[in-house]
Amino acid sequence: MYSQTAPPLDDDAALRAHGYKPELARRMGGFGNFAISFSVICILAGGMTLFGYGLNAGGPAVMMWGWVGIGFMTLMLGMCLAEVTSAYPTSGGLYYMADRLGGPRWGWATGWLNLLGLLGAIAGIDYGAALFVGAFANLQWGFVPTPQNTMLIFAGILLLHGTLNALGVRLANILNSISVWWQLFGVLLIVGSLTLAPTEHQSVGFVFGHFNNGTGFSNPVYVCALGCLLAAYTFCGYDASSHLSEETTQAQTAAPRGIVRAIAWSWAAGFVLLAGLLFALQNYADTQGSSTGVPPAQIFIDVLGVGMAKLLLLVVIVAQLFCGNAETAAASRMVYAFSRDGALPFSSTWRRVSRRTRTPVPAVWLSVGAALVLALPSLYSPTAYAAVTAINVIGITPAYAIPVYLRLRAGKNFRPGPWHLGRWSRPLGIISVSYVAVLTLVFCLPQASPITADSFNYAGVALVVVLVLAWAMWITKGRRTYRIPPLGTAAENEVLAEGVI
């Protein structure tokens, strides 16, 4: 699908040509770059956490076919984003691309959408992991996962991820590489155990054809659209490959490949995982209303017994911890880059890089601290966690499409990097931007009827709040302090014009 017309430039030379001095340690190879996006997507986090949502909003048929359709569209969007990443391999990622292609206002708005989406992702992933830890502790020790106890577990997980990321990118690279194999073997263990267990299994017709509507809405098309959000929520975070590009060797080809491969492998593995769980489902109502609070755990218990269920829960929990750790790495690089360009309050603090590990340690701790603040309302409101998830997806999803849209608008003025789509670039770009526009609208639709304070979808509110805050900060400060650097020296610009920009 892509062509590579010229070898990639020296990484540090390419970065200087974009106006930045190399500061971060470039210790990540192509597999490591793929691994961080694969770890952030983490089908054992999104697919498992939202499994109960899928059972309610459309059931197995929508879960399976929605996964196929959304995965295919995400792959096209990821390929388009990979093409722009090849031209602009910097830690800033999406906002830097938007600024170069559309100007500072585009860069500013994209940056704030992306940043809040990434911080919301840390909160959503790690809070979801805390829920699974609570479910395991409930089975093992009779632990009661109250909101207060869950918040304490969540804070402990954030502390763990902050500490691991502060130790440097080399450790993060090792953990992400382990995460790939942990997820793949975890899926095989879960699906294999559920398949080989001597219990009754659902039919192919049930898994691919059973429709269930517990949303309260009567229109089946509307319910199907809502059900597809399980896959759409899961396929988030693959921009991590872009944010870690300044720490990746041969970044102009490794980062775009990392994006595309992470989506493709997640698409395939997620299909196997969902199918395995649905074939093994024993009692629909009991699974939905599981006392563990985690529907997949009920399937494990029904099919394999409590002992094996605990083991599989541990497999899922470890995968979720890997996921949150990778997301912390991606978000901290976004904080570092945005601060480097003067976009955040106290930017001089958050852009600092440790001399020992060449890692943006202050940015790491700001990322986990902000995630903790975002999730604190969950102590008082059961809808708060849904709102945090909304901040994640409603921030990141439009931010993916903006660089692709601006690349289309630039036309022949856009000079692709070594990894590009050739003649497929424009048609795939148009399809991808249209897809994101529709998906963003669906994200904002009511997801349950009747609509109450508890069932209200806060995604649209989150989008408006983010855009209003970004505009207010631009007017009051951003237009004076935010600047991406000019391109490098005359010699570097000449090199850049040969194929990087």
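The values are calculated or read from the model by the stated rules, or taken from the named source; none is laboratory data. For clarity, every value in this text was computed on a predicted model and none was experimentally measured. Methodologically, a virtual Cβ is constructed for each residue, glycine included, from the backbone with ideal geometry; neighbour enumeration extends over all protein chains shown.
Please count how many residues of the stretch 343-360 are on the phi < 0 side of the Ramachandran plot and surrounded by fewer than 20 Cβ atoms within 10 Å (Cβ to Cβ).
Within the stretch 343-360, the first condition is being on the phi < 0 side of the Ramachandran plot, and the residues that meet it are 343-345, 347-357, 359-360.
Within this subset, residues satisfying the condition of being surrounded by fewer than 20 Cβ atoms within 10 Å (Cβ to Cβ) are 345, 347-349, 352-357.
So the answer is 10.
Does any residue in the stretch 456-485 that is in contact (Cβ under 8 Å) with a residue 60 or more places away in the chain and under 15 Å from Gly103 (Cα atoms) come within less than 7 Å, Cβ to Cβ, of a residue that is in a loop (DSSP other than H, G, I, E, B) and of a type in the set (Phe, Trp, Tyr) six or more places away or on a different chain, and which pairs are these?
Here the result reads Pro485/Tyr20, each pair linking the stretch 456-485 to a residue that is in a loop (DSSP other than H, G, I, E, B) and of a type in the set (Phe, Trp, Tyr).
Could you check, for the stretch 419-435, whether at least one of its residues is over 22 Å from Gly120 (Cβ atoms), in contact (Cβ under 8 Å) with a residue 24 or more places away in the chain and of a type in the set (Phe, Trp, Tyr)?
yes
Filter the helices (runs of 4 or more DSSP H) completely within the stretch 262-379 down to those with at least 2 residues that are over 23 Å from the mean Cα position of the chain (by Cα) and within 30 Å of Val204 (Cα to Cα).
Counting at least 2 such residues, we get 284-288, 295-304, 306-340.
Within the group Thr234, Thr249, which residue is touching a helix residue (DSSP H, G or I) at 6+ places or on another chain (Cβ under 9 Å) and closer than 23 Å to Trp65 by Cα? First the steps, then the outcome.
Values: Thr249 fails: closer than 23 Å to Trp65 by Cα.
After applying the criteria, what remains is Thr234.
When residues of the stretch 272-289 are filtered for being touching a helix residue (DSSP H, G or I) at 6+ places or on another chain (Cβ under 9 Å) and free of Cβ contacts under 8 Å to residues at least 60 places away in the same chain, how many remain?
3
Would you please name the residue that is modelled with the lowest pLDDT, looking only at residues in the stretch 26-63 that are more than 14 Å from Phe271 (Cα to Cα) and over 20 Å from the mean Cα position of the chain (by Cα)?
Arg27
Among the residues of the stretch 212-258, write down those that are of a type in the set (A, V, I, L, M, F, W, C) and closer than 17 Å to Ala337 by Cβ.
Ala240, Leu244, Ala251, Ala255 - these are the residues of the stretch 212-258 that are of a type in the set (A, V, I, L, M, F, W, C) and closer than 17 Å to Ala337 by Cβ.
When you scan the stretch 329-340, do you find a residue that is among the charged types (D, E, K, R), crowded, with 23+ Cβ neighbours inside 10 Å and touching a Leu at 6+ places or on another chain (Cβ under 8 Å), even just one?
From the stretch 329-340, those among the charged types (D, E, K, R) are 333, 340; that's our starting set.
Next cut, crowded, with 23+ Cβ neighbours inside 10 Å only: 333, 340.
Next cut, touching a Leu at 6+ places or on another chain (Cβ under 8 Å) only: 333.
Within the stretch 329-340, one or more residues are among the charged types (D, E, K, R), crowded, with 23+ Cβ neighbours inside 10 Å and touching a Leu at 6+ places or on another chain (Cβ under 8 Å).
Output the residues belonging to the stretch 94-134 that are over 15 Å from Leu344 (Cβ atoms), under 16 Å from the mean Cα position of the chain (by Cα) and not acidic (Asp, Glu).
Answer for the stretch 94-134, where residues must be over 15 Å from Leu344 (Cβ atoms), under 16 Å from the mean Cα position of the chain (by Cα) and not acidic (Asp, Glu): Leu94, Gly117, Gly120, Ala121, Ile122, Ala123, Gly124, Ile125, Tyr127, Gly128, Ala129.
Search the stretch 57-82 for residues that are under 18 Å from Arg407 (Cβ atoms) and pair each with any residue that is acidic (Asp, Glu) and surrounded by 23 or more Cβ atoms within 10 Å (Cβ to Cβ) when their beta-carbon atoms are under 8 Å apart and the residues are at least 6 apart or on different chains.
Leu81/Asp239
Determine which member of the set Gly168, Gly162, Gly205 is on the phi > 0 side of the Ramachandran plot and among the small types (Gly, Ala, Ser).
Result: Gly168 is the single residue among Gly168, Gly162, Gly205 that is on the phi > 0 side of the Ramachandran plot and among the small types (Gly, Ala, Ser).
Failed condition for Pro256, given (1) part of a helix (DSSP H, G or I); (2) farther than 30 Å from Tyr20 by Cα, with all others met?
Answer for Pro256: the failing condition is (2).
Only one residue in Tyr233, Tyr238 is in contact (Cβ under 8 Å) with a residue 12 or more places away in the chain, surrounded by fewer than 24 Cβ atoms within 10 Å (Cβ to Cβ) and at negative phi. Which one?
When all the criteria are applied, what remains is Tyr233.
Can you list the helices (runs of 4 or more DSSP H) lying wholly within the stretch 405-501 that have 2 or more residues being crowded, with 19+ Cβ neighbours inside 10 Å and modelled with pLDDT of 90 or more?
So the answer is 425-443.
Taking Gly66 as meeting all but one of (1) among the small types (Gly, Ala, Ser); (2) modelled with pLDDT of 95 or more; (3) not in a helix (DSSP H, G or I), write down the number of the exception.
Failed condition: (3).
Test of understanding: among Ala251, Ala269, Ala264, which residue is of a type outside the set (Lys, Arg), in contact (Cβ under 8 Å) with a residue 40 or more places away in the chain, surrounded by 24 or more Cβ atoms within 10 Å (Cβ to Cβ) and within 28 Å of Arg170 (Cβ to Cβ)?
Numbers: Ala269 fails: surrounded by 24 or more Cβ atoms within 10 Å (Cβ to Cβ); Ala264 fails: surrounded by 24 or more Cβ atoms within 10 Å (Cβ to Cβ).
From the options Ala251, Ala269, Ala264, the qualifying one is Ala251.
For the stretch 182-220: of the residues being of a type in the set (Ser, Thr, Tyr) and not in a loop (DSSP other than H, G, I, E, B), which is surrounded by the fewest Cβ atoms within 10 Å (Cβ to Cβ)?
Top of the filtered list is Thr195.
Taking the stretch 313-326, which residues are surrounded by 23 or more Cβ atoms within 10 Å (Cβ to Cβ) and over 20 Å from Ile122 (Cβ atoms)?
Leu313
On the given criteria, is Ser434 hydroxyl-bearing (Ser, Thr, Tyr), under 30 Å from Gly54 (Cβ atoms) and touching a Gly at 6+ places or on another chain (Cβ under 9 Å)?
No, not satisfied.
So, in the stretch 215-229, how many residues would count as being under 25 Å from the mean Cα position of the chain (by Cα), among the aliphatic types (A, V, I, L, M) and over 30 Å from Pro89 (Cα atoms)?
Matching residues across the stretch 215-229 total 3.
Is the stretch 385-398 home to any residue that is surrounded by 15 or more Cβ atoms within 10 Å (Cβ to Cβ), free of Cβ contacts under 8 Å to residues at least 40 places away in the same chain and touching a Phe, Trp or Tyr at 6+ places or on another chain (Cβ under 9 Å)?
In the first step, residues of the stretch 385-398 are kept if they are surrounded by 15 or more Cβ atoms within 10 Å (Cβ to Cβ); the result is 385-398.
Restricting the remaining residues to those that are free of Cβ contacts under 8 Å to residues at least 40 places away in the same chain gives none.
No.
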